[in-house]
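The values are calculated or read from the model by the stated rules, or taken from the named source; none is laboratory data. Bear in mind the structure is a predicted one, so any value in this text is a computation, not a measurement. When we count neighbours, we look across all protein chains shown, and the Cβ atoms used for this are built from the backbone with ideal geometry, even at glycine. Ligands, DNA and RNA are excluded from the accessible area calculation, which covers all protein heavy atoms including side chains. Shrake-Rupley method; radii C 1.70, N 1.55, O 1.52, S 1.80 Å.
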Amino acid sequence: MKNTYFTSYFPLISIILFSVSLAILTELKTLELLKQIGIYRGMQEFFSPTWINFAIFFVFFLLYFMVFAALKLIANTLLELSLLFFTKDSNGESLRKIRAGSFFYLGGGTLSLVFVQSFYGIVIVLLLATLGYFIFFVYKIQDTLTFGGLIGLVFFHTLSWFTFLMTVTYVCLQLYNSIIASLPI
């Protein structure tokens, strides 16, 4: 690739594609729920069905976009921290090598549009894109790693994401329990 900045906009497009996929799926499920409980007909008295669909889509798109943008920021920070801790590269050459890895997420985002009817399909595509990127990342920087650095890098990423996921799960469960406990039953 001649221009190193050619792939610089791929993460944004990937975030948009995954957000659109999940927003469409969530919009369809939300409309189905609103129709089942009878709220949708009441909403139609004030707004057109097209506007209701667009508003629901837009709200969920923004929500997913913010979540994916935050995850991208965390991932980028963890990636650069792992390069700082475990590689012998001090010139930033490793960052240049792994930039093309954003093709994995761009392809995954495009493929996720095929699975707008399946939550599990979108999640599997996202996980496969992440796994493919991680393998690509380790392959591209392997010449700047010692064996101990490679083990440390893999454990650093695995432990960091596991800790993040468990913390979010714990906080969500605590919030759920506090809401359930506050209900007058």
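Taking the Cβ-Cβ separation of Val59 and Leu12 as r and a Förster radius of 22 Å, what is the calculated FRET efficiency to the nearest 0.05?
Working: r = 20 Å, r/R0 = 0.91.
With R0 = 22 Å, the Cβ-Cβ based efficiency is 0.65.
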Of Ile151, Ile141, Ile16, which has the largest mean-square fluctuation in a 10 Å C-alpha GNM of the chain?
Ile151
Given R₀ = 30 Å, what would the calculated FRET efficiency be for Glu93 paired with Phe162, taking r from the Cβ atoms and rounding to 0.05?
0.55
Mean accessible area per residue over the stretch 89-185 (1.4 angstrom probe, all protein chains present, square angstrom) is 68 Å²
Counting only complete DSSP H runs, which helices of the chain cover 20 Å or more along their long axis at the Cα atoms and score a mean Kyte-Doolittle of 0.0 or above?
10-37, 49-86, 119-141, 147-182
Tell me, what is the 1.4 Å probe accessible area of Lys140, in Å² to the nearest 10?
70 Å²
Please report the spacing between the Cα centers of the stretch 11-49 and the stretch 144-162 in Å, no decimals.
40 Å
Extension gain, Ser118 back to Leu31 (0.36 nm per residue minus Cα-Cα distance, nm)
29.8 nm
Given the options Phe61, Phe162, Phe119, which has the most mean-square fluctuation in a GNM of the chain, springs set between C-alpha atoms less than 10 angstrom apart?
Phe162
Go ahead and set up a Gaussian network model of the chain, Cα springs under 10 Å, then flag whichever of Thr130, Thr169, Thr158 fluctuates most.
Thr169
If you average 1/r over all unlike Cα pairs in the stretch 1-71 and invert the result, what Kirkwood radius do you get in angstrom?
13.8 Å
For the chain, the fraction of alpha-carbon pairs in successive 10 Å shells from zero, as %:
8, 27, 30, 20, 10, 5, 1
Counting Lys +1, Arg +1, Asp -1, Glu -1, what net charge surrounds Ile56 among other residues with beta carbon under 14 Å of its beta carbon?
0
What is the magnitude of the charge dipole of the chain about its Cα centre, with +1 placed on the Cβ of each Lys and Arg, -1 on the Cβ of each Asp and Glu, and no other charges, expressed in debye to the nearest 20?
240 debye
Which order do Asp143, Asp89 take when ranked by solvent-accessible area (1.4 Å probe, heavy atoms of all protein chains), largest first?
Asp143, Asp89
Roll a 1.4 Å probe over the protein heavy atoms and report the accessible area of Val116 in Å², nearest 10.
30 Å²
Could you give the C-alpha radius of gyration of the stretch 57-156 expressed as a fraction of 2.2 N^0.38 Å, taking N as the number of residues it contains?
1.22
